[in-house]
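The values are calculated or read from the model by the stated rules, or taken from the named source; none is laboratory data. For clarity, every value in this text was computed on a predicted model and none was experimentally measured. Here the Cβ positions follow ideal geometry from the backbone for every residue, glycine too, while neighbour counts run over all protein chains shown.
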């Protein structure tokens, strides 16, 4: 009886920890909303805030109906969130996971669509947001989550048949979440084309800064706060003791929070000085994106690397972001929030980084509960061979391929149907007045002649 009571206490603490982590990840939606609102021009503030809300509410329904079963279905039992064996009709696995796990995974799922929304901001019809958000959250993302995070996934490091003897380590989703959202945004932004006035007649970029730096900084700190649920919370059970040691998941959780902080801080600092050298002044908005790039990159290996390695991760992530932003301008690629470069580029780097710097002891802690005598591939630079880095590279390639094969045709189809991009006239006026009945700020009407003059100048 005493053992049963102790198990109940353990289960209760693990459940509270997982739910609290889910709440932290959900706070990131507020962070996304503030970051996006501050990063666009005032005439589109209402639209971008609405799309962030839509990503959450539409994603909730699609993930409930389809996504969770795609991601973590593992048998023929009824899906507890639907109550029927509906998915068996399509030979889709069902699931018996508890509700707290569902909520945590749901919070991850709705974050993916928010990433993509930033790439196509300021020029997209609202109907398209509804369609791509439902499809991305309910089908595209969950398939990748199944590959990497389900115990039966072919890329999973917890699988009984490990790819290259290792499986791909993507602890909290540099690839599963960020690379998926970034590649989806890449196709949406590429098919839509640049915003009106983003490049002049000679192809020279014209700066279109967001209207509110305060909101950007607020959103960045909210995302930082939420990342402490995103990364450490991916230990979905905190009370797991490692055999023959006084350590357990509770010790690894603290280390994961530290590596997350160090990678983001390093990337922010490098971006601060790097951009100072390139543009000649200190830029708070660049630092915010650099900080987030470091968080995105460390998300894959946060639980399996030393703190010093996290600093290396953030340092490289900053230059990946800076370099991709320069490349984007040369290619006339317009992503208003740099989501493709930030989440896609830094997410890919994070996967490769893990394959280079993962420590064997920490890998065994994270994926074998610290079991003694276990041998696994680990980071190439740490002496662990080519198995892990090979699996990481495969994850990058298959995510890019899968998202391109699904979201590329979806955005192209929406484009051919004429429901993807708004008209130039609506874009000049702003989505707030053309689609949502009014501006987020009452004084904004005074800016209309200036926007129209810019449009005429670019056309001529």
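Assorted remarks:
- For region 298-332, a residue qualifies if it is touching a strand residue (DSSP E or B) at 6+ places or on another chain (Cβ under 6 Å) and within 23 Å of residue 288 (Cβ to Cβ), and exactly one does: 329.
- Region 401-441 - residue that is over 23 Å from residue 115 (Cα atoms) and at pLDDT below 85 and, of those, surrounded by the most Cβ atoms within 10 Å (Cβ to Cβ): 439
- Cβ-Cβ under 7 Å pairs, at least 6 apart or on other chains, region 322-335 side without any contact (Cβ under 8 Å) to a residue 24 or more places away in the chain, far side in a helix (DSSP H, G or I) and crowded, with 19+ Cβ neighbours inside 10 Å: 324/341; 324/345; 325/341; 328/341
- Scan of region 293-335 for residues that are assigned to a loop (DSSP other than H, G, I, E, B) and under 23 Å from residue 123 (Cβ atoms), ordered by number: 331, 332, 333, 334, 335
- Selection count where residues are surrounded by fewer than 21 Cβ atoms within 10 Å (Cβ to Cβ) and either on the phi < 0 side of the Ramachandran plot or at pLDDT 90 or above (or both), scope region 263-289: 14
- Condition check for residue 183: surrounded by fewer than 22 Cβ atoms within 10 Å (Cβ to Cβ), at pLDDT 95 or above and touching a helix residue (DSSP H, G or I) at 6+ places or on another chain (Cβ under 8 Å): no
- Residue match in region 208-231 (condition: surrounded by 21 or more Cβ atoms within 10 Å (Cβ to Cβ) and free of Cβ contacts under 8 Å to residues at least 24 places away in the same chain): no
- Extreme residue, modelled with the lowest pLDDT, among residues of region 360-377 that are under 18 Å from residue 247 (Cβ atoms) and crowded, with 19+ Cβ neighbours inside 10 Å: 370
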